[in-house]
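For reference, the structure is listed below as structure tokens.
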Amino acid sequence: MSLTPLSITLAAVLALTGCSQSNESTTANNDAVTTLRFSHFWPATAATHTEIFEPWARKVEAESDGRLKVEIYPSATLSKPDATYDATAKGTVDIGSQLQGYTNGRFPLTQVAELPGLSNSATQMNCILQTLYDDGVISSEYDDTHLLFMMGTGPGGMHTVDKAIRTPDDLKGLRMRRPSAIAGDIIESAGGTPVGLPATDIYTSLQRGVLDGVSLPWDATGSFRLIELTNTHTNIPFYSSAIMVTMNKDKYDSLPDDLKKVIDDNSGKAMAASAGKVFDAEDAKYMAEAKAKGDTMIDILDPLNDPQWKGPLEAGTQKYLNNVAALGLDPQAVYEKAQEASAACKV
């Protein structure tokens, strides 16, 4: 069949129109904005939110030319503190941050790094955790998500109201909030009563006398306004808390390669190191604030070599390692790797 001049013209117009629509569609896809919902439990005023998560989000947005948008939900408004990792794995949230210690038994190998004697600062703790993950020692515990970076707190101490803790005997009969099973084992070994509850509930529990004190690093006493209620502090580095920041695997996999690179460029050791500096600065800030208001300070800086504290700390450590071994895992191998990382990461 021969084509008339009119049909040739129409065909050309349709071809050009189709090409134009195809280009517009491609452009629209390239300019499409992917929103990532980021859930965590810290208050919006905490440095973890304002100096770690918010700058991270703005950097990701800028480097993606606005094609990635990060909406941050602080104060556990989008997921419960102890369910944020699972919410991320399931896709209820896209990115989440949670303490591993909030879900007892979920990350048993990672929590080996929390044991006493391994870390003296948040910077060192972050380095230990990220090293163990990057070297494949603990990475299998996060196979159901896409891990972005590890964080960790500075050494956790004890903070009470008018109750000085100088020896393990001083803990007897005290109800102490514990952040993890490891800290709880050590408190219990020393004679105290560990109480598990989310950080968001600590303030009111102290106010009502449900707790006699808390076991936390200094940065958390400031983030959750506990300095307002406590006035006696025992600086004893008997544990550090591990924290993860992770992303839903399907959400990450759905991104084009150039946006995956933006996420990758803002993950890993550099972010772990940056976060560690923030935690260390906050520790120093709130310790100085407590000293300035005249609070009592008790320093037990090397408890593993202190004749009164050495026993409970070693008993708590061994109890944890035994419990993990009973799961059919090899915590001793991880402990040795953590000790190696500790030496390499020493500040």
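State yes or no: is Glu314 closer than 30 Å to Asp169 by Cβ, of a type outside the set (Ser, Thr, Tyr), free of Cβ contacts under 8 Å to residues at least 24 places away in the same chain and open to solvent by 20 Å² or more (accessible area, probe 1.4 Å)?
Judged against the criteria, Glu314 is a match.
Cβ separations smaller than 7 Å between residues 6+ apart or across chains give the following pairs from the stretch 126-148 residues that are in a strand (DSSP E or B) to residues that are open to solvent by less than 10 Å² (accessible area, probe 1.4 Å) and hydroxyl-bearing (Ser, Thr, Tyr): His146/Thr246; Leu147/Thr246; Leu148/Thr246. None of Asp299, Asp280 is modelled with pLDDT of 95 or more, open to solvent by less than 50 Å² (accessible area, probe 1.4 Å) and closer than 28 Å to Leu171 by Cα except Asp280.
Within the stretch 177-192, the set of residues being buried (at least 24 other Cβ atoms within 10 Å of the Cβ) and in contact with a Leu (Cβ under 8 Å, 6 or more places away or on another chain) comprises Arg177, Pro179, Ser180, Ile182, Ile186, Ile187, Ala190, Gly192. Residues in the stretch 231-254 that are over 24 Å from Glu141 (Cα atoms), β-branched (Val, Ile, Thr) and buried (at least 21 other Cβ atoms within 10 Å of the Cβ): Thr234, Ile236.
Filter the stretch 134-149 down to the residues that are among the hydroxyl-bearing types (Ser, Thr, Tyr) and either surrounded by 22 or more Cβ atoms within 10 Å (Cβ to Cβ) or more than 14 Å from Val334 (Cα to Cα) (or both) and list them by number.
First, the residues of the stretch 134-149 that are among the hydroxyl-bearing types (Ser, Thr, Tyr): 139-140, 142, 145.
Tyr142, Thr145, listed by residue number.
Scanning the stretch 26-84 for residues that are within 22 Å of Arg225 (Cβ to Cβ) and polar (S, T, N, Q) gives Ser39, Thr45, Thr48, Thr50, Ser75, Thr77, Thr84.
Within the stretch 208-316, considering only strands (runs of 3 or more DSSP E) that don't extend past its boundaries, which have at least 1 residues that are among the acidic types (Asp, Glu)?
So the answer is 296-299.
The values are calculated or read from the model by the stated rules, or taken from the named source; none is laboratory data. Note that the coordinates shown come from a computational prediction; the quantities given were computed from them, not determined experimentally. As a convention, Cβ positions derive from the backbone with ideal geometry for all residues, glycine included, and neighbour counts pool all protein chains shown. These area figures cover heavy atoms from the full protein model, side chains too; ligands, DNA and RNA do not enter into them. Shrake-Rupley method; radii C 1.70, N 1.55, O 1.52, S 1.80 Å.
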